[in-house]
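J.: Okay, here's the structure, questions in a sec.
The values are calculated or read from the model by the stated rules, or taken from the named source; none is laboratory data. Only a predicted model underlies this, so the values are computations on that prediction, with no experimental measurement involved. Every residue, glycine as well, gets a Cβ built from its backbone with ideal geometry; the counts of neighbours run over all protein chains shown.
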Amino acid sequence: MESIAICFLHSYRNADHEKRARVLVKQIAPDVHVSLSSDVAPDIREYERASTTVANAYTQPVFERYLSAFGRSLSEAGYQRQLYLMTSDAGLTTSDLALRAPVRLMESGPAGGCAAARHVGSVAERDGLIAFDMGGTTAKISFIANGRFSVANELEVARAYRFKKGSGLPIRIPTVHMIEIGAGGGGIASVNDLGLLRVGPQSAGADPGPACYGQGGAAATVTDANLLLGYLDPDFFLGGEMHLETAAARKAVEDVAARLNLDAIRVAWGIHEIVSTEMAEAARLHLLDLGVDPRKFSMLAFGGAGPLHACRVARKLGVREVIIPEGAGVLSALGFLVAPIAVTMIQGHPALLEQADADEVDAILARLETQGREVVIGTGADPQRVELNRFALLRYQGQGTELRMPIPPSQSMSDAMSSLQKAFHQFFNDHRSCTAAA
């Protein structure tokens, strides 16, 4: 046994019993990793809190071994400075902090893409930007408005139904709000029992990869289709470092085409069109959920396969401008270079807004602010440049999901309650009206 998760029913309010349980576990098994729900996700809803804590316990030993090996490699290469990692809400954290809650890094790669998209949007002076990130296995769509992206309170993994909320395992961490579907360059094309062409969610991955890689892959993929259609130059893949085998791609697509009694080029176009349509529909659902009309904004396309499908996806959404930045294939990695050092401190405190003890809430906020500042400054950040953003998760009584509402940093809760309540009602009504109109 390498790791234990501990979750008590009301530990988000009082963590003493969980901490005592950790002491007892350490007395028996001092080398075992222990994840407390009060540390990982100190919020209401015990099922989501338990699911998140179990995920953290599951990943912690693996993450520790990986981080240790990576750190040694950096030291051997001569790197002696601090190692930063990306969290799921697009902030940088230190390796020590990441090791305590590796579950918070679950969406770090896509979050890096959002950080980069925010930077590109600022440079390009675009008030709103649809970020379209398509790689080898998945495609992600998010939205940036006025230099900010929406942050969700939780995400789902291992969904049984791709677009159905609640069909996966909840992970209660702050994360960039995006939709992710199994449509990437490695998506495998096949013919189902009804004789219809389908693409994904199975993927050829990087090994063996698409048939055109010449690494033993035989299944027709999106990349093979794009090669046959002329979207890829077989002699200039990876900047000319890798040659793509057109004959292998054609053979793989022809195997699918034979089952449909069609020629290879027509099937290749069908593969390209199916993937583009699936991504456009996923983007439409996500943007409508945010109350966003995609026709009013530009699209930023990146990832290894994003620019190949961007124009088709944009046309289906009614988007009139597509921006493809230099280095689009590695933009998510570049996003790590423009992301801020940040930490998100959370404390569950369920109460009716009009009955909440303002002094108690102020005390909680002050404690979280102090802890957060200490963490950020402890990474070496300039204390004079530390910014504070405060949020409350609000919902109507009886509802199951919350809206994330900003709390003005200069106001005490007694002063902020009425304005917070008014802003919540306004945001809820605006969001509902836009969704209904759509």
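J.: Tell me, which residue of the stretch 347-396 that is farther than 27 Å from Ser418 by Cα, of a type outside the set (S, T, N, Q) and in a loop (DSSP other than H, G, I, E, B) is modelled with the lowest pLDDT?
T.: Gly380
J.: State which residue pairs qualify: first residue surrounded by 13 or more Cβ atoms within 10 Å (Cβ to Cβ) and inside the stretch 355-368, second residue in a helix (DSSP H, G or I) and not hydrophobic (A, V, I, L, M, F, W, C) in any location, beta carbons under 6 Å apart, and separation of 6 or more residues or different chains.
T.: That search, which allows pairs on different chains as well, returns Ala358/Ser414.
J.: Residues to consider are Gly306, Gly329, Gly335; find the one that is without any contact (Cβ under 8 Å) to a residue 40 or more places away in the chain and of a type outside the set (Phe, Trp, Tyr). Don't jump to the end; show me each part of the working.
T.: Working: Gly306 fails: without any contact (Cβ under 8 Å) to a residue 40 or more places away in the chain; Gly335 fails: without any contact (Cβ under 8 Å) to a residue 40 or more places away in the chain.
Being without any contact (Cβ under 8 Å) to a residue 40 or more places away in the chain and of a type outside the set (Phe, Trp, Tyr) holds for just one of Gly306, Gly329, Gly335, which is Gly329.
J.: Provide a single number: the residues in the stretch 200-235 that are aliphatic (A, V, I, L, M) and farther than 16 Å from Gly304 by Cβ.
T.: Adding up the residues that qualify gives 6.
J.: Would you confirm, using the coordinates I've provided, whether Gly230 is in a loop (DSSP other than H, G, I, E, B) and touching a residue at least 60 places away in the same chain (Cβ under 8 Å)? Explain how you work it out, then say what you get.
T.: Values: in a loop (DSSP other than H, G, I, E, B): yes; touching a residue at least 60 places away in the same chain (Cβ under 8 Å): no.
Answer is no for this residue.
J.: Has the stretch 195-209 got any residue that is within 30 Å of Thr401 (Cα to Cα) and either surrounded by fewer than 20 Cβ atoms within 10 Å (Cβ to Cβ) or under 29 Å from the mean Cα position of the chain (by Cα) (or both)?
T.: As a first pass, look at the stretch 195-209 and keep what is within 30 Å of Thr401 (Cα to Cα): 201.
Still in the list and also either surrounded by fewer than 20 Cβ atoms within 10 Å (Cβ to Cβ) or under 29 Å from the mean Cα position of the chain (by Cα) (or both): 201.
Within the stretch 195-209, one or more residues are within 30 Å of Thr401 (Cα to Cα) and either surrounded by fewer than 20 Cβ atoms within 10 Å (Cβ to Cβ) or under 29 Å from the mean Cα position of the chain (by Cα) (or both).
Results for (1) surrounded by 13 or more Cβ atoms within 10 Å (Cβ to Cβ); (2) touching a Lys or Arg at 6+ places or on another chain (Cβ under 7 Å), shown as yes or no for each residue.
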position	(1), (2)
Val123	no, no
Asp133	yes, yes
Ala139	yes, no
Arg148	no, no
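J.: Which of the residues that make up the stretch 323-370 are among the hydrophobic types (A, V, I, L, M, F, W, C) and over 30 Å from Gln384 (Cα atoms)?
T.: Ile323, Ile324, Ala328, Val330, Ala351, Leu352, Leu353, Ala356
J.: Being under 12 Å from the mean Cα position of the chain (by Cα) and in a loop (DSSP other than H, G, I, E, B) is the filter here, so list the residues in the stretch 92-140 that pass it.
T.: Met106, Glu107, Thr138
J.: Right, here's the next one. Condition first: touching a residue at least 60 places away in the same chain (Cβ under 8 Å), within 25 Å of Asn56 (Cα to Cα) and touching a Gly at 6+ places or on another chain (Cβ under 9 Å). Now tell me which residues in the stretch 143-156 satisfy that.
T.: The answer is Leu155, and nothing else.
J.: Specify the residue that is surrounded by the most Cβ atoms within 10 Å (Cβ to Cβ); the eligible residues are those in the stretch 58-84 that are touching a Leu at 6+ places or on another chain (Cβ under 7 Å) and outside any helix (DSSP H, G or I).
T.: Tyr84
J.: I'd like to check something: does the stretch 17-30 contain any residue that is surrounded by fewer than 18 Cβ atoms within 10 Å (Cβ to Cβ), under 27 Å from Leu393 (Cβ atoms) and free of Cβ contacts under 8 Å to residues at least 12 places away in the same chain?
T.: Yes.
J.: A further question on this structure: What tally of residues in the stretch 49-85 results from selecting those that are over 20 Å from the mean Cα position of the chain (by Cα) and not hydrophobic (A, V, I, L, M, F, W, C)?
T.: Selection size over the stretch 49-85: 15.
Conditions (1) under 30 Å from Ser38 (Cβ atoms); (2) of a type outside the set (Val, Ile, Thr), marked per residue:
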{"site": "Leu353", "(1), (2)": "yes, yes"}
{"site": "Asp357", "(1), (2)": "yes, yes"}
{"site": "Ala363", "(1), (2)": "yes, yes"}
{"site": "Thr401", "(1), (2)": "yes, no"}
{"site": "Ser418", "(1), (2)": "no, yes"}
{"site": "Gln421", "(1), (2)": "yes, yes"}
